[in-house]
Amino acid sequence: MRGIKAAIARPTTVSISGGTTTLDKLALNLGGGTATVSGTAGSALNLNATLANVPASLANSFSPGLGAAGSISGTVKVSGAAANPTVGYDLKVAGAATSQTTGAGFGAMNIGSTGTFAAGKLTFQSTIGDGSGLALKGGGTVVTNAPVALDLNFAGPVPFSFLTRTLAAQGMALTGSADVNVQLRGPATSPVIGGSVRASGARLLIAQSGIAINDINLDVGIAAGVARINRLTGALSTGGSLTASGTVGTNAAQGFPADIAIKLSDGRYTDGRVVTANLGGDIAIKGPLVSAPVLSGTINLARTVISIPEKFPGALTAVDVKHKNAPKAVVAQQDAMRPPAKASGGSGALMLDVTVNAPNQIFVQGRGLDAELGGSLRLSGSSASPQAVGEFTLRRGRLSILGKRLNFTRGSVGFSGSLVPTINFAAETTAGDATVTIAISGEANNPKFAFSSVPALPEDEVLARLIFGRSMSNLSPLQIAQLADAAAQMAGIGGSTSLLSSLRATLGVDDIDIKTNEQGDTSVAVGKYLNDRTYLSIEAGDQPGSGKATIDLNVGRGVKLRGEATNAGEAKGGIFYEKEY
């Protein structure tokens, strides 16, 4: 036998009489397992074999590349004419695997099978499980005479965990299982596949984008070489829903060609750092799923906020944490969270051709900046390494610095490859005899503020004239502290290191504000929330009668009651309505 070593395990009795050989418990060692054979062999066969832990890897000698693994135990009975015997068997394979099943993502399986082979036809029933939820049952017939023909039926749950390695390469993870009912009919070289695949409550995590699709419900019918999506729905973890329909070809040689339409409704996306968007749209997946299918279509953005961080930490150090002896579920999640290698054609990653439209409601907010923009961009590259190109331009906007409001004269948010946008804003105003320009530029997560003027002045002088209407040399110590606080806010310096922040923390109040009017008079206001609805503010100025106390009561839905009393003995009250747009 090619590559197989067999040895008689113990003494046995072999007798030959009249052309018939009789075996009495002939025991063979086969690669660490044993096969015990008893019965008679001649023109007619009547043999019984018992297998115990025979390595399935013995088959690799006959089929290089098969990669068979596992151990086989059970019984085999051979009877009938030697020229056309009947073989019956009852076998179990523990830890079964081949290179094909391993490559498809399945782990070691336990297989049980009973059947009969006679007249060139195998009839059998089998069970397939792996201890993690896979539990297929089925069988049928295989006609081994050329051409080999199949008539098979299998049904049962199949966990999505077998897709872990494939999806992890794209930064995704799928949990749950599908109820599969599959039939294979016709020649083995090109069988006709039919049946259904149904799933409910599955979950897809797209780690790099921070999106999870929960409660996935799937109903797929398979016929005539095509898997048709009758129903596919899911709910986004951040809000919104999606539905899909279409087809996927079952021909592996063609790479499982897909034509799937997806509709996203009332979706919400956040990158956890800078961008939060409400969106909807229609997209499609077309092409072979195993070799870079194309995701195309249009996404329409509703209210989208690009937040400029108010503060940056002084320093962060990466901590290398290793999880020893992690459970399989944790390892799978780590694989999904690990940044995937940049994809290229043939990797299976989605290639992108998506247009993102937003005629308005793109808001850029933070560090005194409040602007609305509109425009469009195009997403290209792959799902593993997306590229964004486009621009949103200013519709309206303003910059607030210590009570001063400046309207922007120009503004844009541009994408030139990275998903982190670059901002470019400018506002102009007059301050005394100077024309002041404030420019905000750079990446949205770390923009730079620049101050210039005509005639040219130092930046601190420009800021002093802009906010207080006077030269830096004429500012009071409190005004200088307030100016430094504004500069720190625009620079995004981390920590509570400014004078006003320290005062707020020491006094236990919610707000401290220093105000200067056009005449140069200065006042200090201190405010604190007494409860969730009541806010008390006390203000004292450097002029007689300028002190006052104000209390606001929020009664709900934008309606506030306000009462005010001054140290000159005046009192007044009113009802106010506020609404944010």
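Please report, in Å, the Rg and the Dmax of the stretch 41-159, where both are computed over Cα atoms only.
When restricted to Cα atoms, the stretch 41-159 yields Rg and Dmax of 15.5, 49 Å.
With an 8 Å cut-off on Cα pairs and a minimum separation of 6 or more residues, tell me the relative contact order of the stretch 402-490 in percent.
19
Which whole-Hz couplings ³J(HN,Hα) result when phi for each residue of the stretch 531-540 is put into the Karplus expression 6.51 cos²θ - 1.76 cosθ + 1.60, θ = phi - 60°, listed in order with x for Gly and Pro?
Result, ordered by residue: 7, 4, 10, 10, 10, 10, 10, 10, 10, 9 Hz.
Taking a probe of 1.4 angstrom, what is the accessible area of Lys548 in Å², to the nearest 10?
We get 70 Å² for Lys548.
Suppose we keep just the alpha-carbon trace of the stretch 529-581; what are its Rg and Dmax in angstrom?
Cα only, the stretch 529-581: 12.8, 38 Å (Rg, Dmax).
Expressed as a fraction of 2.2 N^0.38 Å, the rule-of-thumb size for a compact globular protein of N residues, what is the C-alpha radius of gyration of the stretch 398-456?
Working it through for the stretch 398-456, the quotient is 1.25.
Treating the beta-carbon of each Lys and Arg as +1 and of each Asp and Glu as -1, no other charges, what is the dipole magnitude of the stretch 84-238 about its Cα centre, to the nearest 20 debye?
120
Whose amide H sits under 5 Å from the amide H of Thr250, counting only residues 5 or more places off or on another chain, with H placed in the peptide plane?
Val226, Ala227
If you plug each phi of the stretch 377-394 into the Karplus form 6.51 cos²θ - 1.76 cosθ + 1.60 with θ = phi - 60°, what whole-Hz ³J(HN,Hα) values come out, in order, with x for Gly and Pro?
Karplus-based 3J(HN,Hα) across the stretch 377-394 equals 8, 10, 9, 9, x, 10, 5, 7, 8, x, 10, 10, 9, x, 8, 10, 10, 5 Hz.
Not counting ligands, DNA or RNA, and with a 1.4 Å probe, what is Ile111's accessible surface area in Å² rounded to the nearest 10?
50
Using a Förster distance of 25 Å, how high is the FRET efficiency between Ala135 and Asn217, based on the Cβ-Cβ distance and rounded to 0.05?
Efficiency, from the Cβ-Cβ distance: 0.75.
If you count, for each residue, the other Cβ atoms within 10 Å and average over each peptide, how do 383-396, 52-65 line up from highest to lowest?
383-396, 52-65
Hey, which aspartates and glutamates would be in cross-link range of Lys448, C-alpha to C-alpha under 14 Å, not counting anything within fewer than 8 residues on its own chain?
Partners found: Glu310, Glu459.
Within the stretch 227-254, list the residues whose amide N lies under 13 Å from a label point set 7 Å along Cα→Cβ of Ala155.
So the set is empty, nothing qualifies.
Enter the mean projected area of the convex hull around the alpha-carbon atoms of the stretch 426-483, in nm², rounded to one decimal.
Answer in nm², one decimal: 4.3.
When the solvent-accessible surface of protein heavy atoms is calculated with a 1.4 angstrom probe, in what order do Ser452, Ser43 fall, highest first?
Descending accessible area places them as Ser43, Ser452.
Tell me, what HN-Hα J-couplings in whole Hz come from the Karplus equation 6.51 cos²θ - 1.76 cosθ + 1.60 at θ = phi - 60° for each residue of the stretch 53-64, using x for Gly and Pro?
6, 6, x, 5, 5, 4, 5, 5, 5, 8, 9, x
Shape call for the stretch 369-475 from the C-alpha gyration tensor, a ≥ b ≥ c root eigenvalues: rounded (a/c under 1.5), prolate (a/b greater than b/c) or oblate?
Since a/c reaches 1.5 and a/b is larger than b/c, the shape of the stretch 369-475 is classed as prolate.
Which pairs break 31 Å Cα to Cα here: Lys92/Lys121; Lys137/Lys286; Lys404/Lys548; Lys25/Lys121?
Beyond 31 Å: Lys137/Lys286.
Return the carbon/sulfur percentage of the accessible area of the stretch 124-265, one whole number, probe 1.4 Å, all protein chains in place.
61
Hey, got the Cα dimensions of the stretch 106-180 along the principal axes, in Å, largest first?
50, 24, 20
The values are calculated or read from the model by the stated rules, or taken from the named source; none is laboratory data. Worth saying up front: this structure is predicted, and the values here are computed from it rather than measured. Note that we place each Cβ from the backbone using ideal geometry, even for glycine, and neighbour counts take in every protein chain shown. Please note that ligands, DNA and RNA were not included when accessible areas were found on the heavy atoms of the full protein model with its side chains. Shrake-Rupley method; radii C 1.70, N 1.55, O 1.52, S 1.80 Å.
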